1. Extension gain residue 304-residue 287, at 0.36 nm per residue separation less the Cα-Cα distance, in nm?
2. Need one number: % antiparallel among DSSP beta bridges in the chain, to the nearest 5.
3. Considering the options 182, 305, 103, tell which one lies farthest towards the positive end of the dipole of the chain, charges being +1 on Lys and Arg and -1 on Asp and Glu at the Cβ, about the Cα centre.
4. Expressed as an acute angle from 0 to 90° and rounded to the nearest 10, what is the orientation of the C-alpha long axis of helix 74-84 relative to the principal long axis of the chain?
5. Too long at a 28 Å Cα-Cα cut-off: which of 249/291; 253/291; 175/227?
6. Please give the Cα centre distance for region 92-119 versus region 263-279, rounded to the nearest Å.
7. Students often forget the sequence filter, so: which aspartates and glutamates lie under 14 Å Cα-Cα from residue 304 once same-chain residues fewer than 8 apart are removed?
8. For residue 188, list long-range residues whose amide hydrogen, built 1.01 Å from N in the peptide plane, is under 5 Å from its own amide hydrogen.
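None of the figures in this text is laboratory data; all of them are computed from the coordinates on show. Here the structure is a predicted model, which means the values were calculated and not measured. Neighbour counts are summed over all protein chains in view; Cβ atoms, including those assigned to glycine, are modelled from backbone coordinates with ideal geometry.
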Amino acid sequence: MKPPVFLVGCPRSGTSYLYHLLLSAGGFAEFRTQMNVFDVLEPIYGDLSRAENKNRMMNAWLKSKAFVASGLNAGEIRAKVLSECHGAGDFLRIVMEEVARKQGVDRWIDSTPTNIPHLLRIKKDFPDARIIHIIRDGRDVSLSLDKRGWSRPLPWERDKGLMAAGLYWEWIVRKGRKLGSMLPDYLEITYEDLVHELPETLQTISVFLQHDLDYARIQKTSLGSVKTPLTSFQEELEAHQFSPVGRWKNRDKVSPERLAMLESLVGGYLNELGYVLSGNQAPPHQSPAVKRMRLLYRGYYECKQWAKVNTPLSRLLVDYSAVLIDK
C-alpha cells in the first residue's frame, strides 16, 4: 500500500470537497463515510488490544454505516480484526486496506475532519501518512456551522451560536497548525485556493502526495461534491447563485452588528491567517467581555476534548452506529 492520506480541518471547511477531488483523480479507495476511529470509536470501546473490547466494538461496527460503505464481508473482516488488531490504528488500517484491495487500488484516505487533536497519535500509528489540513475563512465556517445547528454554544448563551462557532473554528485550527508544525509530511491549503486556483492547488497537493491529480480527469469524473456541492445553503443552489467564498459579506446572511461581534472575537486570528476584515480594518480592540468569552470557550473546548478521550463521556452519550455521516 502507498502512504495513507488523512484530511483534517474544522468541520464545514471543505474536507468533503477535497476528498471528492482526490477520488475523482483515481487511485484511491472510495469510502464515502467517516470512520471516526480516534474521536468516537476508541473513546467508547477503550483499548482495542483487549479481546472483549474488540468483540463489543465489532458488534457495533458491523451494524454501522461505515461497514455498509466498506462493502466487506462481515465474517471475513471480523475474523481479521479479532486476530490482527492491537489498537485503534490497527483497526483503521485493516479495514481501509481491505477496502482498497477489494476495489483494486493501493491507497486510501481517512477524511474525518475532527482528527485534528489526534494528529500526533495518527503519525505514530501511521509513520508514512500524509496529512492535509484544509483551512477556510472562519466567518464562512461559522455561518455554515450555525446554519446547521452544529455550533453548540453554552446552555446560557443559546443566542450566541455564530460566536461559539467562530471560537471553535479558531480553537481547532490553532490546534491543527500547532500539532502539524511538529510533524513531517504535513501540508496546509485553503478552501479559497481550492475554489479560485484549483489547478495550481491540485499541483501542490499532487507533489506532496506523489500522486497524479490530473485536472482534466477530475473534471470529467466529478464525483460527489465536485459535481453537486454539499452546502448548508441549499437555497443558493436552487437559485443558481452558489457562492461559497465570502458569504459572510452578504447582509442577508449576517447583520453588520453580528459580523462586528464575530470579528471582535476572532479577527486577530483571521488576520494572522491572511484573511482581510470587513472594511479592511485592523483587528478591533477586545473589550473585557470579549476577552472573557474567548477565555471561557477556549477552556470549554479543551475540557470537552479531554473528557471525550479520558472519561466515559463518549460511551454514555454516543451510539457509534448512529454517528457516521454519509458523504
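1. Numbers: separation 17, 0.36 × 17 = 6.12 nm, distance 2.58 nm.
Between residue 304 and residue 287, full extension yields an extra 3.5 nm.
2. Numbers: 1 of 12 bridges.
Here the antiparallel bridges make up roughly 10 percent for the chain.
3. With unit charges placed on the Cβ atoms, the residue in question is 305.
4. Computed tilt is about 90 degrees.
5. Working: 249/291 25 Å; 253/291 26 Å; 175/227 32 Å.
The answer is 175/227.
6. Their Cα centres are 35 Å away from one another.
7. Qualifying aspartates and glutamates at Cα under 14 Å: 39.
8. 133
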